[in-house]
Structures are given as structure tokens and as C-alpha cells.
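Just so it is clear, none of the values below were taken in a lab; they were calculated from the coordinates. Computed from a predicted structure; not experimentally measured. Cβ placement follows ideal geometry from the backbone for every residue including glycine, while neighbour counts extend to all protein chains displayed.
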Ligand SMILES: Cc1cc2nc3c(=O)[nH]c(=O)nc-3n(C[C@H](O)[C@H](O)[C@H](O)COP(=O)(O)OP(=O)(O)OC[C@H]3O[C@@H](n4cnc5c(N)ncnc54)[C@H](O)[C@@H]3O)c2cc1C
């Protein structure tokens, strides 16, 4: 098994027994500065002649990561046989079609992390992809606004991170903030011009269409993978499709299942030392008189312990403005409203090993996020700290998204992207924000280096 995440890519010395020790190993490798053992894989993708019903590559998940893998592979190997399996009726049904649409520039991520590396590359890749395929985007820039002395101190770290990540941030004082954005108030801010907005569902659909046009890709919607096997010769998946059971086999299998990443790792018969917990992000759409309230994205200073960025004011492709998202534990992996769950799912969630430790460790954030979901007025008060003219009466309903966030059995939020691989199968294990921005570099990393 290979695990790669964070500072350097890591190959576990003995992966024959398929025990996953992802986080424990990573902690040891990162904190103890273990010598990292590199295992040399043939970097070139081998496309072979295969018989009927044997694919060169099967990809699971039609979110942006699965689509980016399909696009990158089919572009390079148009004569390959590739299948993409998705349980929903269309692409981008989950995280990819329910996010803020921000093309992140890499403001917050520790230098050397995969998030920092892939986000920076992904910014350029996403802008180029949008230009090449005429997908709407706007590089509108972003202000991170501090509204207290304590937050002003925290801006120093963010400013340093921006510089280390090759951005050219600008410090802006209180007057400068209102000169740039007349509706925004703050003590001080950081301005980053690289950040942009786009429509990730449109990018995903375009990637799949390009891969399909190459002639290499077949797509099967409404196929839910329910079993995964690996033998010396093949990877085989079993799917449920309208009451029928179907099997497909391939030389290689790449699984990009978002919030179900942990379930599919276990379906392969591997131990999984983390759980994917569903963190719901609720948004509101602002009344149309706020469509042009700002010309940039406005973010608060985030809590450095959390991987979430705080409730921000976001110009959206389509010309409207949203506020959000908060971050509350959802009662189910696709519980966009609180009723989309079952007793069985609640029971399973309650038994997730890291859950109770996480809730205790981050109890302050848990309580304050819960308050935002219970009270619109409280939600609005978070925005009023930097944009006093918005009230809860300006809120209209808007779709929620559910983040797939890996949490270790110790209740730690896994901060960086993480992948888990055996001989023929690779799972994208932790790919929360900014993974939409980073999808193309993530796909290249999977295909070029780690796996095939
Ligand atoms: C509220 C919110 C805001 C965000 N904002 C941003 C942002 O502004 N910028 C940014 O860069 N990132 C953002 N992100 C993160 C980004 O959206 C995700 O990191 C990215 O979309 C992950 O893509 P994915 O393909 O891994 O997952 P998904 O889009 O969730 O796709 C996974 C797919 O796998 C399918 N699947 C799962 N299990 C099975 C199975 N058993 N069989 C078949 N198919 C299966 C699912 O149906 C789904 O279609 C945000 C996320 C959220 C939730």
C-alpha cells in the first residue's frame, strides 16, 4: 500500500498485508521526521490490449476529481478503454455541484503541504481550462478582513503564508478597505488579487464530455459500487443498478467517492484508520439588491485549528451573491436537509471512532456553528461584523453542501489531501476544499506518479 499526503509522498515499506495505517504512519513520518522511503513506480502509463469487458481503467465518482482523472487520462491515451461509474443520475451531484465556486489561490495552506502545492498549480490550471473551453470565470480577488485586534494579529500568519505560497498579498488599512469596498468595514485586511470564481459543475461536465469525445470513455450513471476486489490480474467492482447486480473489471481502479471514501476503502477489505464525517455547509442567497454589494470576495479571518474558512460573502457566477457556508455535523452523508437520513445511518455515524473525541476537542466551535444553524439572526451577525448592511431579512434559501472531511480515530481533522493505494487500486481518501481548484494537479499526481 502507498499512502501519500502532505510534505512528501510516502511509500509504506510493506504493503503486502494491506493494512492501512494512514494517519499513524503520516504522523510518525511528519512529526518524527522519519526517513521517507520512496518506492519507484514506472511513471509511464502502460496501456495494454485487453479482452472484452476488461477496461484499462475504471474510475468511481463523477465529481470533479473523477472527471479530472478521466479527462487527463483519456486526453493522453485516447485509444484506452475507460469506464466511469457514478451512483447519481448526473455528474457533480454532491460536493462539486454544491460549493462556493471559488478558485482558491492558496492563501492559508502550510508551505510544503499537498494543499499548498496543488492549489497553486490548480489556480493556473483552472483558469486555463476555463479559457480553453469558454467556461465562465472571473478573477475578482479576495479580501480577508480582520474585525478585532486578535484577528489583526492572525493576519500576520496569513500574510506570511501568502508570500511563502508565491502570492503577492497587500495589507490594507481600515480606510483602504472602505475605499475598495464601500459596504465593508474592518480594522485591517489582506488583499489577494489571484483568487477567482467559476462554476465547478460546468467544468466537471466539460471534462467528461471532452473525455467522452476522445472515444475512450464510457459513463454509467445510477451504478452504485457495493463491492471491490483485487486479484493479481485485475480489480473487480460489483455495482447495484436498478435492482441488478453488475460486475466490471479493469487493470486499474481509481476511486474518487467523496463522502463515501472510507466506506469504499472498507469494501476493499482494508482497515481504515479514519472516518469521513459529513460537515454540512449552509448558505443563503442575498436579495437581488445585494448582487453588486462587493466586487471582490470577502472572507473573515478563519479559526486556524479548523480547515473551514468561515462564513464569507461570495459573488457567484450568475451575478448573485451568497453568504456561507457554516460547518455543522450533518446527520447523514447526503443529509442536505436533516430528514435525509435513517436510524441505521445515525447509528453508524454515532459509532464513527473519532466522532466523540472530535466533538469534545472542538466543543467551542461545535456550539457556535450549531448556533448558526438554529438562528438566522446569529448567522447574520457573523456577516455584520464586516458587512453591517446585511440582515437576516435579506436571506433567501440556497442549496447546502456537505463536505467530506477525514477525521482520525483520535478525533483529529486530517488537514491535508490524502490518498491510499494498493497494487491496482487507488482511493482519494481526503479531498476537501480546495480540491475543486486542485482537481487537475491531483489527477496528474495520481496518474503520473503514484499509481499506474
Ligand atoms: C460547502 C462546500 C464549499 C466548498 N467550496 C469550495 C470552493 O469554493 N473551492 C474549492 O476549490 N473547493 C470547495 N469545496 C470543496 C470541493 O467542492 C470538493 O473538494 C470537491 O468537489 C471534491 O470532489 P470529489 O470529486 O472528490 O467529490 P464529490 O463531488 O463529492 O464526488 C464524489 C462522487 O462519488 C460518487 N460516489 C460515491 N460513492 C459511490 C459509489 N459507491 N458508487 C458510485 N459512485 C459513488 C458520488 O455520488 C459523487 O458524485 C467546497 C465543498 C463544500 C461541500
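Of note:
- Length-normalised contact order for the chain - Cα pairs under 8 Å, 6+ apart - percent: 24
- What the Cβ-Cβ distance of residue 384 and residue 232 gives, at R0 = 51 Å and to the nearest 0.05, is a FRET efficiency of 0.25.
- The shape of region 90-133 can be summarised by an equivalent ellipsoid whose semi-axes, obtained from the alpha carbon gyration tensor, come to 21, 15, 9 Å from longest to shortest.
- Paired Rg and Dmax values of the chain, which use every Cα atom, in angstrom: 21.7, 68
- Considering only Cα atoms, the convex hull volume of region 373-440 works out to 169 Å³ per residue.
- Set against the 2.2 N^0.38 Å expectation for a compact globular protein, region 122-181 has a Cα radius of gyration ratio of 1.44.
- Between the helical axis of 200-213 and the longest alpha-carbon principal axis of the chain there is an angle of about 30 degrees.
- For region 143-214, taking the reciprocal of the average inverse distance between every pair of different Cα atoms yields a Kirkwood hydrodynamic radius of 14.4 Å.
- Rg to Rh, two decimals, where region 224-313 supplies the alpha carbon set and Rh follows Kirkwood: 1.20
- Added length on full extension, which subtracts the Cα-Cα distance from 0.36 nm per residue, residue 213 to residue 337: 41.0 nm
- With the cut-off at under 15 Å, measuring from each backbone N in region 88-116 to a point 7 Å along the Cα-to-Cβ line of residue 154 picks out 108-109.
- Per residue, the convex hull volume that the Cα atoms of region 260-364 enclose (Å³): 148
- FRET efficiency, 1/(1 + (r/R0)^6) with R0 60 Å, evaluated for residue 53 and residue 359 via beta carbons: 0.85
- Mean-position separation - Cα centroids, region 338-378 and region 81-97, in angstrom: 27
- In terms of its Cα atoms, region 312-444 spans 56, 36, 27 Å along the principal axes, sorted from long to short.
- Peptides ranked, highest mean first, by Cβ atoms within 10 Å: ranges 297-304, 175-182, 194-201, 273-280: 273-280, 194-201, 297-304, 175-182
- Label zone at residue 287, where the point sits 7 Å out along the Cα-to-Cβ direction: region 396-421 residues whose backbone N lies under 14 Å: 396-397
- Convex hull volume of the C-alpha atoms in region 204-268, normalised per residue: 105 Å³.
- Here the calculated FRET efficiency for residue 242 and residue 347, from their Cβ-Cβ distance with R0 = 30 Å, stands at 0.65, rounded to the nearest 0.05.
- Extension reserve of the residue 317-residue 175 stretch, reckoned as 0.36 nm per residue once the Cα distance is removed: 48.3 nm
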